[in-house]
Amino acid sequence: MHPIELVNVKKDYLLGNVRVPALKGVSFAIEPGEFTVIAGPSGSGKTTVLNLIGCVDTATEGDVVIASKKTSDLNDRELTSLRLNTLGFIFQSFNLIPVLDVYDNIEFPLLLKKDLTPKQRKERVDYFIERVGLKNHRKHRPSELSGGQRQRVAIARALVTKPQIVLADEPTANLDSKTGQSIIDLMKEINSIDKTTFIFSTHDYSIMNQARRIIQLQDGMILK
Amino acid sequence: MNWILFKLAFRNIFLHKMKTLIVGSILIFGSFLAVMGNSIVDAIASGMKNSITQSVTGDLQIYSEKAKEALSVFGNIDGSPSDVGYVPNFDKVKTALLKHSNIRSIIPMGGNFALMNPGNFIDIQVEKLRTLYKKKALKDPQVSSLEIESAKQQLLFLLNDLNEGVKQNRAEVILDTQSELESAQRDLQIALAPSFWEDFDDNFESKLELIGNKVAPLVFDDSMLYFNYLGTDLEAFKNNFPQFEIVKGQFIPEGERGFLIHDYVYETMVKNRIARRMDEIKKAVVEDQQKISESKELQELIKANKEQIAELYLTLDYSHKPVLTQKLKTYLNKEEEDLRLLLDHFFEIQEENFLSRYDFFYKEMAPYFQLYKISIGDVIPLTAMTKVGNSSAINVKVWGTFHFKSFENSPLAGSFSLIDLNSFRDLYGFLTESRRKQNQEIASEMGVLDLSKDDLEAIFGDDKKAEELSEAQQAQVSQEKIAENYTDAPVVEKNEAFINAALFLKDSSQMEDSIAAIQEINKQENLGIKVVDWRSASGMVGQMTIALRIILFGFVLILFMIAALMIMNSLLMATMERQQEIGTMRAIGAPKGFLYKIYLIETAVTSILFSFIGTVLALAVIYTVGRDGIPAQGDVAKFFFSGPRLHFYPQWGQILVVFIIILFISFIATQYPAWRAMKISPLRAMQNRD
Ligand SMILES: Nc1ncnc2c1ncn2[C@@H]1O[C@H](COP(=O)(O)OP(=O)(O)OP(=O)(O)O)[C@@H](O)[C@H]1O
Ligand SMILES: [Mg+2]
């Protein structure tokens, strides 16, 4: 059973009256626990693919199946629930909530999920804070952190619900290469220990080469 | 969970400090105004209720079923009494209604207005002498020749002064033609001649006629006095309106006819104008802290007093002239013998000398003048318009003045004087059969002409027209007055008609039930009455608090609307600014309802917090200022406040209502921005800030 499966997915954007075909029939499946990079030049459709997998956008044609659910069959509430329970997001620009401190930002998805007792919740958050190496920054606001630290918070936030799949669209694009590498190292570590399925995009070759599997996109199609 | 919502909600409040501050101030002001205003309006409403019910209306009023207009005890907007017909049989109504257990008492009443023409000062003195002679002829032991002598001297004093006036050209002559004027002046000289007075007692009829008809027209008539009055069962009135109080004179003894003037009317309309102006200046200077040198109005008053000193001078009792002259000479430190000139000096009033002169005026001078056009104990002629449009006149004794405790000087509560029910009925035109016959006999004896309706309207319409009436007509009016002089006649006839009646309830909170019960009794016993509560019976005046409330409510509502618009605007702006964040929350898995809650909490916090501050401020003011009371500025305010100060208290129910309204309005204001926020796609999260 594949956590992610795309079957002949097409996606057209409408730019005014003009149809912009962003994906022209993409099919692939991801195995559980895979560490996958989506690569390709700018405008090749990486972000589009990740948005479809992340259930924040819908395909024009074809099926996107996440955790055995065809996303086109789901309504907004079901999609939201899928995002909350099955997916974790790491954003290029971190997207932390500015008023909340490190701890609160990480706890946020757990509060939405409501499946843990306060004590369990605290243990879980503390664990991930430790895991991303921000033990001494738990009371810091995002504005008081460096880019790398922020992305670590974002990773912890994405992982805290123990999602099956973690998505990341160019997680290192806003970081210098050294910090970017440490983030990739963290992701690799979690992948190998927790068997979380990772799928992320990048156009950094050095990062690309560290992935076990590379899906190469070009003009909205997969290059074999 | 909740505290994260709060954190998110609070964030915006602090992020947009300026907007929050403006919205906050409006909400604070709005809720302050609503809480405070309601409390004050409530206090005014209950004060007014007290003033109205305790001075005229009682709890309920009844009047004829067939009334053409709704009853308005304070009169219609134009000041005319409301035309409500009458109910013919008071006893029957009273007996029937008192069966209802909640009715404590019924006081019959009726409102009307009458005029009194005081004539000019020579007329008055002539009339006084004539009465004395008449009484003497009837061998009245109370009339001594000394009294007649003194009255003659007073008349001579007045004529002398008139003569001085004519010589110095300061007489207020009203005769039209030169020949009339010259003939009047000739008659004045005749009347001043010593020989004229030698055989006065023997020929008083013709001599008084000469002075009254020929000389008096040299002088202006004093202006008409206008009385609104309430005819009522005076005993019942006194017993049921506990704030009723006699100020001067005495209450009308049981069974007697009579007139009680409201003290406010007495002090303003009946009092000599010079003295009244002194009072006005005193009030402005002492109570309102005004400065004579800075107030044009006060200077005008002083000027008017100087110009019209004659009005005071002519009420002087001639026998005191030397004493008063001496007193003034000493006080003013002037070597001047002419009293008129001394008075001129006296009324040269300035900032520094006013208070001392005021005191001197009342303590040392007032006793020698007649400061009121009507003295307590006088019998005055009242002329009223009857129901059918004739004039009717009676002479009635003024027994005293009254007021209502705690709103003493209120013009509204003082808008009427009191008259006994029988005199009222006569003035109103109710006649029993025997009374009608009696009148006809008198009329035929005197050969009175019928006055046309137009002429009467002229008399009532305006003074100018009245002056145009021929002398014969004027004489006739005064003859009618004499014809109907039965002040001393005992009340023998039974006449039960009344216009309206005040009902007092034992438990006034049961007003609605009692109204229903009275309507039921009315139906069963065929009483032909209508019943209304005090508010409706007081017409415009009673509706005033309702109007106040509407204005207040409208104003506060507008404020809240503005606040709501600003809340909406600020939320919308925040939504636009926070698109990526909202998208992120949605992407992470926050349902739409979560966003909605953030918005609701945010506005709830803003509106609760600020309206709470406003309410607390209002309560602080209510507890401090409200307990001590706001002083009533002016006499009208006293009526509305039902006392010298308005005390007000928190109205918890209304505070709750204000809160609910604020919450509701901000809830509504939240809907659109929240909806916009919920429409934001999680895709927004992916868009980089650029
Ligand atoms: N919202 C949109 N409206 C219209 N066209 C879009 C939109 N988003 C993407 N596209 C177009 O779809 C194509 C694929 O875009 P996509 O963002 O997926 O590329 P990408 O591989 O992520 O590029 P980059 O490396 O620059 O992020 C591009 O041609 C782009 O112009
Ligand atoms: Mg992209």
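All of the numbers you see were taken from the coordinates with simple rules; none came from a lab. The structure presented is a predicted model; accordingly, all values stated were derived computationally and were not measured. Don't worry about glycine lacking a Cβ; one is built from the backbone with ideal geometry, like all the others, and counts go over all protein chains shown.
Taking into account only those residues within the range A:181-213 that are within 12 Å of A:Ile38 (Cβ to Cβ) and more than 16 Å from ligand 2 (Cβ to nearest atom), which is surrounded by the most Cβ atoms within 10 Å (Cβ to Cβ)?
Filtering the range A:181-213 for residues within 12 Å of A:Ile38 (Cβ to Cβ) gives A:198-203, A:207-208, A:211, A:213.
Keeping just the survivors that are more than 16 Å from ligand 2 (Cβ to nearest atom) gives A:198, A:211, A:213.
Numbers: A:Phe198: 25, A:Ala211: 20, A:Arg213: 13.
Only one residue tops the list, namely A:Phe198.
Taken over the range A:161-179, residues that are surrounded by fewer than 24 Cβ atoms within 10 Å (Cβ to Cβ) and among the hydrophobic types (A, V, I, L, M, F, W, C) amount to 4. In summary, strands (runs of 3 or more DSSP E) completely within the range A:143-224 and bearing 1 or more residues that are more than 16 Å from ligand 1 (Cβ to nearest atom), within 14 Å of another protein chain (Cβ to nearest Cβ) and in contact (Cβ under 8 Å) with a residue 12 or more places away in the chain occur at A:165-169. Of all residues in the range B:342-356, which are assigned to a helix (DSSP H, G or I) and either touching a residue at least 24 places away in the same chain (Cβ under 8 Å) or in contact with a Leu (Cβ under 7 Å, 6 or more places away or on another chain) (or both)? Listed by number, the residues that qualify are B:Leu342, B:Leu343, B:Asp344, B:His345, B:Phe346, B:Phe354, B:Leu355.
The set of residues from the range B:16-57 being surrounded by fewer than 16 Cβ atoms within 10 Å (Cβ to Cβ) and over 29 Å from B:Gly653 (Cα atoms) comprises B:Lys17, B:Met18.
From B:Ala191, B:Ala151, grab the single residue that is part of a helix (DSSP H, G or I), more than 30 Å from B:Phe498 (Cα to Cα) and under 43 Å from the mean Cα position of the chain (by Cα). Checking each option against the conditions leaves just B:Ala151. Does B:Val616 meet the test of being more than 30 Å from B:Phe10 (Cβ to Cβ) and without any contact (Cβ under 8 Å) to a residue 24 or more places away in the chain? For B:Val616, the condition - more than 30 Å from B:Phe10 (Cβ to Cβ) and without any contact (Cβ under 8 Å) to a residue 24 or more places away in the chain - is not met. Restricting the first member to the range B:677-688 and to residues that are more than 7 Å from chain A (Cβ to nearest Cβ), and the second to residues that are away from ligand 2 (no atom under 15 Å from the Cβ) and among the hydrophobic types (A, V, I, L, M, F, W, C), the beta-carbon pairs closer than 6 Å and six or more apart or on different chains are B:Ala677/B:Ile582; B:Ala677/B:Leu595; B:Met678/B:Leu595; B:Ile680/B:Ile582.
Checking each residue in the range A:1-11 for being more than 9 Å from ligand 1 (Cβ to nearest atom) and surrounded by 15 or more Cβ atoms within 10 Å (Cβ to Cβ) picks out A:His2, A:Pro3, A:Ile4, A:Glu5, A:Leu6, A:Val7, A:Val9, A:Lys10.
Among residues that are out of contact with any His (no Cβ under 8 Å at 6 or more places or on another chain), assigned to a helix (DSSP H, G or I) and of a type in the set (Lys, Arg), B:Lys238 is included. For the range A:17-51, the candidate set comprises residues that are touching a helix residue (DSSP H, G or I) at 6+ places or on another chain (Cβ under 8 Å) and of a type in the set (S, T, N, Q); within that set, the residue that is nearest to ligand 1 (Cβ to nearest atom) is A:Thr47. Checked against (1) hydrophobic (A, V, I, L, M, F, W, C); (2) within 23 Å of A:Thr196 (Cα to Cα); (3) facing chain B (nearest Cβ under 7 Å), A:Leu96 passes all but a single condition, namely (3). Considering the range A:1-75, the qualifying strands (runs of 3 or more DSSP E), each wholly inside and each with 1 or more residues that are more than 16 Å from ligand 2 (Cβ to nearest atom), within 14 Å of chain B (Cβ to nearest Cβ) and in contact (Cβ under 8 Å) with a residue 24 or more places away in the chain, run over A:61-66. Among the residues of the range A:101-135, the one identified as farther than 25 Å from A:Ser192 by Cα, touching a residue at least 24 places away in the same chain (Cβ under 8 Å) and not in a helix (DSSP H, G or I) is A:Asp101.
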